[in-house]
1. Can you give the calculated 222 nm mean residue ellipticity of the chain, where each DSSP H run of n ≥ 4 adds -39,500 (n - 2.57) and the sum is split over every residue, rounded to the nearest 500 deg cm²/dmol?
2. Tell me the label-point distance for the pair D39, S65, using the 7 Å Cα-to-Cβ offset, in nm and rounded to one decimal.
3. With a 1.4 Å probe and every protein chain kept in, tell me what percent of the accessible surface of the chain is carbon plus sulfur.
4. So which helices of the chain fit the span-like rule, where a helix is a whole DSSP H run, its Cα atoms reach 24 Å or more along the axis, and its mean Kyte-Doolittle is at least 0.5?
5. Hand me the chymotrypsin sites (Phe, Trp or Tyr not before Pro) from region 117-203 located in a DSSP loop with no more than 16 other Cβ atoms within 10 Å, in residue order please.
6. What is the magnitude of the charge dipole of the chain about its Cα centre, with +1 placed on the Cβ of each Lys and Arg, -1 on the Cβ of each Asp and Glu, and no other charges, expressed in debye to the nearest 20?
7. Report, as a whole number in µm² per second, the diffusion coefficient that Stokes-Einstein gives for the chain at 25 °C and 0.890 mPa s using the Kirkwood radius over alpha carbon pairs.
8. Where a ≥ b ≥ c are the square roots of the eigenvalues of the C-alpha gyration tensor, would you call region 205-296 rounded, which needs a/c under 1.5, or, failing that, prolate if a/b is larger than b/c, or oblate?
Amino acid sequence: MAPPDRIVILGGGTAGWMAACLMARAWPASAITVVEAPDIPIVGVGEGSTPQLRAFFDRLGIPESTWMAACHATYKVGIAFRGWSDRPGHQSYFHPFAGPADLHTEAAFHHSTLARRLGHDVEAHPDRFFLSTRLASQRLAPLAPAHFPFGPGYGYHFDAHLVGAFLAEWATARGVTHLRRRVEDVLITEGGDIASVLVEDGEAILGDLFVDASGFGGVLIQQALGESFLPFADNLFCDRAVVVPTPADPAGPEVHTTATALNHGWAWRIPLTTRTGNGYVYASRYVSPDGAAAELRAHLLLPDDAPVRHLSMKVGRVDRSWVGNCLAVGLAQGFIEPLEATALHMVQATVEGFIDALEAHGFTTAGRDDFNARIARRYEGIRDYIVAHYRMNQRADTDFWRDNAGHDRLSDTLKAMMTAWFTGRDLPAEVQRLDIGGYYAPLSWGCLFAGYGVFPEPARLHAAPSPVDLPAIDRLLDRCLLNFRPQTAVLPQRAGTPRTSREIA
């Protein structure tokens, strides 16, 4: 089918401008207009991504050396989880982004975790088995030289506001119109589609396709079209956050996000080139905003009067992301708390999937239904993995953690994954049977369960030889490590910003 002639995107931000860029690339003949209110507040808390964001910039043909420097970005090879388990030896673990080198060690990891689940006293902590974990421990950038064929998977940390501004410049240079106007009304046709949006000066912005990137309010998809919102509050308790920046680490930025469990949620640490982003995601039914702010300040060793900002989160998704001639993206579409940094991944998957669906099926019921089912399943898959972090936690010091570990409001898929782990079944085979590997692979599930130390109690284990050659794995990974350099030596620099001698060394 021919692409829409006129596309109107309501809302800028990272989500709106990602949609504009992808659609401008796919449909260069379409007239694309981004309508953005002029006084939207800037949060600027620092944000992380999954590895899929690399494919987004590659698709646009934008090199890292261009966008990373402009957006204060750093590399991200995974997430360090601290304090989610009180089990000895499992107070922390690393969730790596998988890469080609892991093909040589992942099977050994799964063999080891299975052996320990079956009662054998063998090494099964995930930190022993993966390259990205070792890169993170030494702050090495995941950029492999040409002679090394096993470049790790990686994502990024960045200032989301700067990414949005960068993408706006890229899109407008390619013909996308940017209108800074406040929308006053939305006009609906007799058939139930959106005809136009009316902006504050009375102008009607007509379109054939409307993209709702208006944030939690969902001006088009929820308010104008009445699409229902499905909350996830019954199994994802966190609904607020308190945020504060701190200075950049003098030793240079880390190459991973840190997620530290606190009393009523968890705190993130996101290293940028110019500062460190910090925040505390918490459940308001267990602690007040002032109490959460005090806990975050104490965690960061900040003064009691250090200024912070408070954010609310609307966790869940709309029932259908594509309704009539309207597509919802970003916060207007849904939000799953930022524990695994999936927000921009969902924007990217939604827009790219929509482009494919529209080109294949047009504005047909069958095409919309299939697309909506796929997006809903992706949301559910991500939600299940996030819920597993809480449900499987191994601590019992506050009501928040006890309630998370004790509730039974789980999907059948998550129940099946937990059952497979506890009954000593093959985890990769279960992921394949459930057809959920496209959301989180067996490596990710295994790292979560094993990282928490969800194994038989040590007294029930019996001595046994390791099912794998651990010294050989150590030698392989240590030799791989020799091919990588510190992040400070390779980060793209902003124009006119020389590197110091320490950064070059």
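1. Working: 16 runs with 177 residues, N = 505.
-10500 deg cm²/dmol, from helical runs alone.
2. The modelled label-to-label distance comes out at 4.3 nm.
3. 53 percent
4. 343-361
5. F150
6. For the chain, the charge dipole is close to 1320 debye.
7. Details: Rh = 24.0 Å.
Translational diffusion coefficient: 102 µm²/s.
8. Judged from the Cα gyration tensor, region 205-296 comes out oblate (a/c at least 1.5, b/c at or above a/b).
The values are calculated or read from the model by the stated rules, or taken from the named source; none is laboratory data. Model, not experiment: these values are computed from the prediction. As a convention, Cβ positions derive from the backbone with ideal geometry for all residues, glycine included, and neighbour counts pool all protein chains shown. Quick note on the areas: whole protein, heavy atoms, side chains included, nothing else; ligands and nucleic acids left out. Shrake-Rupley method; radii C 1.70, N 1.55, O 1.52, S 1.80 Å.
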